[in-house]
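The values are calculated or read from the model by the stated rules, or taken from the named source; none is laboratory data. Quantities reported herein were computed from a predicted structural model and do not represent experimental measurements. Neighbour counts are summed over all protein chains in view; Cβ atoms, including those assigned to glycine, are modelled from backbone coordinates with ideal geometry. Accessible surface areas use protein heavy atoms only, side chains included; no ligands, DNA or RNA. Shrake-Rupley method; radii C 1.70, N 1.55, O 1.52, S 1.80 Å.
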Amino acid sequence: DGGITQSPKYLFRKEGQNVTLSCEQNLNHDAMYWYRQDPGQGLRLIYYSQIVNDFQKGDIAEGYSVSREKKESFPLTVTSAQKNPTAFYLCASSIWSGFYEQYFGPGTRLTVT
Amino acid sequence: GNSVTQMEGPVTLSEEAFLTINCTYTATGYPSLFWYVQYPGEGLQLLLKATKADDKGSNKGFEATYRKETTSFHLEKGSVQVSDSAVYFCALYTQGGSEKLVFGKGTKLTVNP
């Protein structure tokens, strides 16, 4: 089955630690995205990548970093510089960056204490 | 800039009731409009879309009509089921601008038996 996988589903970290969230897709999509979801806030774009080895900041990139070494993979690192890292993180992909229909993974809920 | 405003929830209905979730937008150019649904603990799924004025998107008994004159894209369903309980997001996309999806804050729907 084609789709997007995110792991783990739940992640717990201590404050001050960096943590990397995994996102893998086997849809052969060129573009991938990371969103953050907070209660009552909707979705906010963190980073997106249109092609391998290239990515752009979204609306709330501070405290996050990404890489895109492979077409299938777009990991997100939440660094200790992110002031409020506890959130639900969603990865998405689309056929190409100008194609609006995005497919979402199941999400990772990160809790930092 | 582009923005989406959804009616605030939560919305609680009895099974077989009529559902309307209001969505209005502000956008430059000619946006495409979407409704996404998020079931508890999951990522988002595209529910329906409309890409030009007067188009009607429909899926699983849900409908929404792109009304350019009122800048609206209200979601409706004639008879809701318990399984429709979820969070619903209205979103828009405009090409040639930031080329990203802009989401509303979401409306939580609970359907009671």
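At a glance:
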quantity	calculated
Residue within segment B:3-20 that is under 23 Å from A:ALA87 (Cα atoms) and in contact with a Phe, Trp or Tyr (Cβ under 6 Å, 6 or more places away or on another chain) present	yes
Failed item, numbered, when B:PHE62 is tested on (1) within 28 Å of A:PRO8 (Cβ to Cβ); (2) open to solvent by less than 50 Å² (accessible area, probe 1.4 Å)	(1)
Among residues of segment A:5-34, those that are open to solvent by 50 Å² or more (accessible area, probe 1.4 Å) and more than 14 Å from chain B (Cβ to nearest Cβ), counted	10
Qualifying residue in segment B:79-91 (condition: modelled with pLDDT of 95 or more, surrounded by fewer than 18 Cβ atoms within 10 Å (Cβ to Cβ), in contact with a Lys or Arg (Cβ under 8 Å, 6 or more places away or on another chain) and not small (Gly, Ala, Ser))	no
Selection within segment A:35-75 - under 21 Å from A:ILE95 (Cβ atoms), buried (at least 21 other Cβ atoms within 10 Å of the Cβ) and either basic (Lys, Arg) or more than 12 Å from chain B (Cβ to nearest Cβ) (or both)	A:SER49, A:VAL66, A:PHE74
Which numbered condition B:GLN95 misses (of (1) within 21 Å of A:TYR48 (Cβ to Cβ); (2) part of a strand (DSSP E or B))	(2)
Complete set of residues in segment A:14-64 that are free of Cβ contacts under 8 Å to residues at least 12 places away in the same chain and farther than 18 Å from A:TRP96 by Cα	A:PRO39, A:GLY40, A:GLN41, A:GLY42
Conditions (1) modelled with pLDDT under 95; (2) in contact with a helix residue (DSSP H, G or I) (Cβ under 9 Å, 6 or more places away or on another chain); number of the one not met by B:ALA53	(2)
Check on B:GLY57, open to solvent by 30 Å² or more (accessible area, probe 1.4 Å) and either of a type outside the set (Ser, Thr, Tyr) or not in a loop (DSSP other than H, G, I, E, B) (or both)	no
Filtered residues of segment B:23-44 (kept if open to solvent by 70 Å² or more (accessible area, probe 1.4 Å), touching a strand residue (DSSP E or B) at 6+ places or on another chain (Cβ under 9 Å) and not in a strand (DSSP E or B))	B:PRO40, B:GLU42
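Here is a yes/no grid of residues against (1) in contact (Cβ under 8 Å) with a residue 12 or more places away in the chain; (2) away from chain A (no Cβ under 14 Å); (3) hydrophobic (A, V, I, L, M, F, W, C):
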site	(1), (2), (3)
B:SER14	yes, yes, no
B:SER32	yes, no, no
B:LEU48	yes, no, yes
B:ALA86	yes, no, yes
B:GLY106	yes, no, no
